[in-house]
Amino acid sequence: MEFVIDVINNLVYISQECFWLKETLVILQSFIIFALAWWLTTLKDKYILLLLLSAFIGSTCSIISDLGFCNDNDVFKHIAPASLYLIATNDKGRRNDMLLFAFLLPFYLISYEPNSILIAASSILSHCLIYSFIVIAGQSIGKSVFISIIIGLLYNYIDKSAPPGTNDMLTNPVLITLYTKGIDYYRGSDKHTLFLKYFWIVLLCFAYFGNWMFYFVRDYYDIFFF
């Protein structure tokens, strides 16, 4: 394990010292993952392959994040493009619900780690409240974007102001997507698809522009998100 950590340290040291290089490399990785996920959806064993890809992404992001080499915006760069693609498109007239579950479920199981009954209860309460706002948003684009922005801001705020992993417990975007789409799948409807499209568009903006925004305004950011 120590050898693996040393290898990772050596690989990322240069990019960590150069902000634009780190961001460029992460964006390149996200495009590679998107292309790979898109290609896998065309293959016969796509469900199994997407499960394996998601498990690999989740495990890798977890290890790199624990070592301090990436943040939540970096993580979402890897999964947001493919998630948005699976939500926004159809596969030869069929919905991509099962493909979306196959892609996100392993990643969710790795990132969601309640370590106490209180946190688990808080998570359930928080996500029930979030779902109630999703229902209120309905088919309104304006409400969907507004609620998505609030969730995105809360996710980043909790990440900066609370212990590590708290934001994944209280405002987990992957869990929000899974239970929202799961309810639609159970009911045989696409009631929440519009919300999820704009939800992941907003997350995509947070992921790709969040690091740059926080980098250039970090002094002001520290004042409000200390």
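No lab work stands behind these numbers, since they all come straight from the coordinates. Treat the numbers as computed from the prediction; the structure is a model and nothing was measured. Every residue, glycine as well, gets a Cβ built from its backbone with ideal geometry; the counts of neighbours run over all protein chains shown.
When the listed pairs Lys44/Lys143; Lys46/Lys197; Lys143/Lys181 are checked against a 28 Å cut-off, the alpha-carbon distance exceeds it for Lys44/Lys143.
Inter-label distance, Tyr186 to Ile117: 2.5 nm, where each label sits 7 Å from its Cα along the C-beta direction.
Net length available on complete extension from Ala55 to Leu109 is 18.6 nm, with 0.36 nm assigned per residue and the Cα-Cα distance removed. Here Lys22 is the anchor, and the lysines within straight C-alpha reach of less than 24 Å, apart from those fewer than 8 places off in the same chain, are Lys77, Lys160. For the peptides 184-194, 170-180, the ranking by mean Cβ contacts within 10 Å, running from highest to lowest, is 170-180, 184-194. A simple spin-label model places the labels of Leu154 and Cys205 1.8 nm from each other, with each point 7 Å out along Cα-to-Cβ.
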